Protein chains: 2
Amino acid sequence: MPTLVMKFGGTSVANLDRIRRAAKRVGVEVAKGYDVIVIVSAMSGKTNELVGWVNETSPLFDAREYDAVVSSGENVTAGLMALTLQEMQIPARSWQGWQVPLLTTSAHGQARIEDIPTENINAKFGEGMKVAVVAGFQGLSPEGRITTLGRGGSDTTAVAFAAAFDAERCDIYTDVDGIYTTDPRICQKARKLDRIAFEEMLELASLGAKVLQTRSVEMAMRYKVKLRVLSSFEEQSDEAGTLVCDEDEIMESNVVAGVAYSRDEAQMTLLSVADRPGIAALIFGKLSDAGVNVDMIVQDISEDGRTNMTFSLPTDQVQRADIAMKEIRGNELNFDKLIVDSDVAKVSVVGIGMRSQSGVAAKMFKILSDEGVNIKVITTSEIKISVLVDRKYMELAVQALHDAFELEKAA
Amino acid sequence: MPTLVMKFGGTSVANLDRIRRAAKRVGVEVAKGYDVIVIVSAMSGKTNELVGWVNETSPLFDAREYDAVVSSGENVTAGLMALTLQEMQIPARSWQGWQVPLLTTSAHGQARIEDIPTENINAKFGEGMKVAVVAGFQGLSPEGRITTLGRGGSDTTAVAFAAAFDAERCDIYTDVDGIYTTDPRICQKARKLDRIAFEEMLELASLGAKVLQTRSVEMAMRYKVKLRVLSSFEEQSDEAGTLVCDEDEIMESNVVAGVAYSRDEAQMTLLSVADRPGIAALIFGKLSDAGVNVDMIVQDISEDGRTNMTFSLPTDQVQRADIAMKEIRGNELNFDKLIVDSDVAKVSVVGIGMRSQSGVAAKMFKILSDEGVNIKVITTSEIKISVLVDRKYMELAVQALHDAFELEKAA
């Protein structure tokens, strides 16, 4: 029997009615002849409640106990889903992480999956079970304790199961109906993509982060697991949603697949830094030690042996970065002034077509220039061009780029 | 180190504040030098919520999935309790049933404990852990599935741990401060007992059922586990609550330890049954097959080869019994009429002193007679005398017996 993995997030199993609706979707796939592995999250709100209790009990909690408490939400949904399927006359049973067992590292709260032995579940498929309902987000450490995979870990669980069981596809049911060319709330012309390449999906994190955890996309790419994102709130055909797949499986695509943005960006500039070897290592080493995730970096050309160093970072890390820079000022590092601009945003165009087509960057700069949007910082990768702009221009930039690259039209 | 088992019921861990209060009690015992095993129930209301979801999902549920869902409440409390103790600088960790492992039969929903290997927990005590917090009510079947022990199973878990770890005592923290000579809501003079014998406790089920599960008392009696029932809502001394113990440990006691009652009784009478060998076996075999728990049985003297058969049963089983009797009427069983009286109550006096002192029954009947209470059925055991009376006389009977046997005075 071919195997299919179906994952239902918290809103898709928020109450008994929704669990029933999800179970019906599972029934459709069972009727097609699949052995199905269903991965469930906790009913929406449950995990937050449990996390709240843990934090209130012990602000610097023992992560092993955190995991023991927080993993319980998924166990409830798994049992209820199995019962719902049984009511529909579909042979099903629930599996908690330790029962599979889904073996992980001991990094409680953010464990990594080490192995998923398939024997136990395959034995049950062999006995006529049609659906294995697995509690997502959790596993078993070498010490026999319960681990969790971190927020969004149920997506990762789903992809890992799809890889381990060589599933035909991994369907991620969620509250949106797919991946869009950009955020429909910002740009009305945003179009749902039928297919998107793994690499593009990773770069479109700002569009997909709420839908797909980056980690799960990376894992899907590594193990060539076809991922489909689709809505659990609509009747679905085989072609519904967005398929995240290898670029070989995409026949035609636009040069630019999507326009992403991020509001939570800040820009820091160190004015007049001594331009000598090791100075960048000093600054960014210190920032890294302070837990600051620096994104874009620009160094001006040197003048009289001094230069300006500009970098972007998440707004909520500005204070940390500020303290870090002041700690080394005077001793190891000299600069005239530290300028912070928290009123910036990042806008990116992403597409694997850029690899083979030149001029995308030039076109992007021209479009923004025509709209009067000043570019503050630029970075590029093989399939992405990002610019930092004043935040007030963010929506305008996204819309203008979406229009100019004609993303509302399919390739 | 001597070991102490402490069990906290649902109301004692109903929220984070109460968990903190319970943890403080644990801290007091740790400070005395005990290794402590804490057994926790789910936060009050949680188990009912989970049971409700299961019933709504699947009225004739798969008991294995029921257990997987319903056991999750205890896991949450166990983790939170461990975290709370850690915050108090007390080395603690949580254990779910499968981690201990608490090995049970496969009778899901009402599994029996088979074994509690002590190695894992003792190894941790050896490493400096002071408190093992164990999720009550749950265990592991030979098939590797989660089982539950049935309602009130946390008491049984506690006693089983006390037996397995040879604990000095098993303290059951609850919302009442001990076992009383009778129900204080019915009789103001009711007095809290300092000690009570296991056998008496079992017979006083109607007083103790809400406090102690019968099964846990039986197990405590078999393994000579000293059980203490006390309130988690009051400051406690070493002498607080009621100690349920072997009768050898009770120096002096009243002839009658307590007066119990049960409101939910009904009486059925089969008029003019053929009085031949096997007729009682037929009637009560049929009732047993129908799941009716017959309590008291009285057979009138025979007249012309026919007799009247009266028995008492829980009121909510009357319909079932009625159907069962009508099914065999005519074919195997002949009787003139079936009379049901649902307006009766059972009142009992209980005390191990009855074994050595005669005349207790006579005194009881005289007291009731003086109050004008008519006795409908009588049964006696070695340490108990029960009578069925009209329900309207129940309170009067309890009060009169409590007074006449001077239960308000300690021995």
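The values are calculated or read from the model by the stated rules, or taken from the named source; none is laboratory data. Owing to the predicted nature of the structure, the values given are computational and were not obtained by experimental measurement. Cβ sites come from the backbone with ideal geometry, for glycine too, and all protein chains shown count toward neighbours.
Key figures
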{"quantity": "Matching entry among B:Lys346, B:Lys286, B:Lys363 (being in a strand (DSSP E or B), among the basic types (Lys, Arg) and surrounded by 15 or more Cβ atoms within 10 Å (Cβ to Cβ))", "calculated": "B:Lys346"}
{"quantity": "Some residue of the stretch A:311-321 being in contact (Cβ under 8 Å) with a residue 40 or more places away in the chain, over 28 Å from A:Ala345 (Cβ atoms) and in a helix (DSSP H, G or I)", "calculated": "no"}
{"quantity": "Failed item, numbered, when B:Ile121 is tested on (1) in a helix (DSSP H, G or I); (2) touching a helix residue (DSSP H, G or I) at 6+ places or on another chain (Cβ under 7 Å); (3) within 14 Å of chain A (Cβ to nearest Cβ)", "calculated": "(2)"}
{"quantity": "Qualifying residue in the stretch A:251-273 (condition: in a helix (DSSP H, G or I) and surrounded by fewer than 19 Cβ atoms within 10 Å (Cβ to Cβ))", "calculated": "no"}
{"quantity": "Matching residues in the stretch B:11-50 - criterion: being in contact with a helix residue (DSSP H, G or I) (Cβ under 7 Å, 6 or more places away or on another chain) and in a helix (DSSP H, G or I)", "calculated": "B:Ser12, B:Val13, B:Leu16, B:Arg18, B:Ile19, B:Arg20, B:Ala22, B:Ala23, B:Val26, B:Lys46, B:Thr47, B:Leu50"}
{"quantity": "Odd one out for B:Asp194 among (1) buried (at least 19 other Cβ atoms within 10 Å of the Cβ); (2) farther than 18 Å from B:Met6 by Cα", "calculated": "(1)"}
{"quantity": "Some residue of the stretch B:176-189 being in contact with a strand residue (DSSP E or B) (Cβ under 6 Å, 6 or more places away or on another chain), within 30 Å of A:Ala123 (Cβ to Cβ) and either charged (D, E, K, R) or not in a loop (DSSP other than H, G, I, E, B) (or both)", "calculated": "no"}
{"quantity": "Which numbered condition A:Val134 misses (of (1) under 29 Å from A:Arg20 (Cβ atoms); (2) without any contact (Cβ under 8 Å) to a residue 60 or more places away in the chain; (3) in a strand (DSSP E or B))", "calculated": "(2)"}
{"quantity": "Residue within the stretch A:293-305 that is charged (D, E, K, R), more than 28 Å from A:Glu199 (Cα to Cα) and touching a residue at least 24 places away in the same chain (Cβ under 8 Å) present", "calculated": "no"}
{"quantity": "Test: A:Val40 is among the β-branched types (Val, Ile, Thr), without any contact (Cβ under 8 Å) to a residue 24 or more places away in the chain and assigned by TED's automatic domain parsing to the domain that holds A:Gly152", "calculated": "no"}
{"quantity": "The stretch A:372-385 - residue that is surrounded by fewer than 16 Cβ atoms within 10 Å (Cβ to Cβ) and assigned to a loop (DSSP other than H, G, I, E, B) and, of those, nearest to the chain's Cα centre (by Cα)", "calculated": "A:Glu382"}
{"quantity": "Some residue of the stretch B:113-120 being assigned by TED's automatic domain parsing to the domain that holds B:Glu74 and closer than 18 Å to B:Ala82 by Cα", "calculated": "yes"}
{"quantity": "Members of the stretch B:95-110 found to be closer than 20 Å to A:Ser72 by Cβ and either surrounded by fewer than 17 Cβ atoms within 10 Å (Cβ to Cβ) or not polar (S, T, N, Q) (or both), listed by number", "calculated": "B:Trp95, B:Gly97, B:Trp98, B:Val100, B:Pro101, B:Leu102, B:His108, B:Gly109"}
{"quantity": "One residue from A:Val244, A:Val225 being surrounded by 15 or more Cβ atoms within 10 Å (Cβ to Cβ), at pLDDT 90 or above and assigned to a loop (DSSP other than H, G, I, E, B)", "calculated": "A:Val225"}
{"quantity": "Breaking point among (1) in contact with a strand residue (DSSP E or B) (Cβ under 8 Å, 6 or more places away or on another chain); (2) over 22 Å from B:Thr3 (Cα atoms); (3) not in a loop (DSSP other than H, G, I, E, B), for B:His108", "calculated": "(3)"}
{"quantity": "Tally of residues being touching a helix residue (DSSP H, G or I) at 6+ places or on another chain (Cβ under 8 Å), away from chain B (no Cβ under 12 Å) and among the basic types (Lys, Arg) across the stretch A:130-161", "calculated": "1"}
{"quantity": "Subset of the stretch B:58-95 [without any contact (Cβ under 8 Å) to a residue 24 or more places away in the chain and more than 8 Å from chain A (Cβ to nearest Cβ)]", "calculated": "B:Pro59, B:Leu60, B:Gln89"}
{"quantity": "Condition check for B:Trp53: part of a loop (DSSP other than H, G, I, E, B), crowded, with 18+ Cβ neighbours inside 10 Å and either facing another protein chain (nearest Cβ under 8 Å) or basic (Lys, Arg) (or both)", "calculated": "no"}
{"quantity": "Residue within the stretch A:208-223 that is farther than 30 Å from A:Lys346 by Cα and either among the charged types (D, E, K, R) or under 18 Å from the mean Cα position of the chain (by Cα) (or both) present", "calculated": "yes"}
{"quantity": "Test: B:Thr105 is within 21 Å of A:Gln99 (Cα to Cα), among the hydroxyl-bearing types (Ser, Thr, Tyr) and away from chain A (no Cβ under 11 Å)", "calculated": "yes"}
{"quantity": "Residue within the stretch A:84-94 that is crowded, with 22+ Cβ neighbours inside 10 Å, within 28 Å of B:Ala22 (Cβ to Cβ) and out of contact with any Leu (no Cβ under 8 Å at 6 or more places or on another chain) present", "calculated": "no"}
{"quantity": "Some residue of the stretch A:162-171 being outside any loop (DSSP other than H, G, I, E, B), within 14 Å of chain B (Cβ to nearest Cβ) and modelled with pLDDT of 95 or more", "calculated": "no"}
{"quantity": "Hits in the stretch B:183-222 (condition: of a type in the set (Asp, Glu) and at pLDDT below 90)", "calculated": "B:Glu203"}
